[in-house]
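What follows is calculated from the coordinates using simple rules that are stated; it is not laboratory data. Just so it is clear, the structure is predicted and the values come from calculations on it, not from any experiment. Virtual Cβ from ideal backbone geometry, glycine too; neighbours counted across all protein chains shown.
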Amino acid sequence: MKLDVGGKEVFAYAANHELDPAKRTVLFIHGAGLDHSWFGLQSRYFGYHGWNVLAVDLPGHGRSAGPPLDAIGAMADWLVKVLDAAKVERACLVGHSMGTLVALDCAGRHPARVERVALIATANPMRVGEAFLDAAKRNAYDAFDMHTIWGHAAQQPLGRDQTPGMWSYGDAQARLERLAPGVLYNDLKACNDYADGLESAAKVRCPALLILGERDLMTPLKGAKALKEKLHDVKSVVLGPSGHSLMAEAPDATLDALVEFFGSAP
């Protein structure tokens, strides 16, 4: 599906279905340097089980026009514009990594537009190492390697891919290789600079779910502790022995947690 948001073309996977005002809507927000396809299994499931689905490409990512937005708050406000363009009054939000910050900020500042929020692989603050930032700033391929290796649990490349016929490392790097120069650095810097996570969490009034990887190196378990304490109505699920890329490393368990949390469609 293509939407016009502020005069720029935005792509959102909608499971080949027209949006139905009678249905609940779930909006998926990807992480740094990625795109809507990162939620392949999860977005397809909801799209074919009675939901409206909007798995968006953020500006400058995937099939959406650029330039990328350089701050988490700007991305959160952009989500509201996407809902307006799609004529959706209220949605459930699912974010991964950087997308969790966007979803959290949106739910905190635009509560009337958010029904529930699920945060997959999240932390506050979401600090990015200097070596990673520097490599991304130089558009060095090292940044893609760091993103991929640190983004999966250590046993991931040892023949335990949960999706038959897929190679998670190659799949992630292929997405990163499609990026325009500077986009990955833009995203990583936005995560590193975001300082309003706890304030946003305290403002969230809808139910929240944290789905966390037991062996996540990028957003380790302890990084979500402060968020859990600030959120008013929160449940957490820890998946082991998964890392940061939970939709690929534990696709069925991640989907099961989302289905249980959101409940059935009307």
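Some points to look at:
- At R0 = 25 Å, FRET efficiency that the Cβ-Cβ distance of Arg90 and Tyr48 yields, to 0.05: 0.70
- At an R0 of 45 angstrom, the distance between the Cβ atoms of Lys235 and Lys137 translates into a FRET efficiency of 0.75.
- Relative contact order of the chain, taken over Cα pairs closer than 8 Å and 6 or more residues apart, is 21 percent.
- Cα-based Lys proximity count in the chain, under 14 Å, for pairs eight or more positions apart or on separate chains: 8
- Taking 0.36 nm per residue of sequence separation and removing the Cα-Cα distance, the Ser37/Asn16 pair yields an extension gain of 6.2 nm.
- From the coordinates shown, Rg/Rh (Cα atoms, Kirkwood Rh) corresponds to which of (i) 0.95; (ii) 0.99; (iii) 0.93: (iii)
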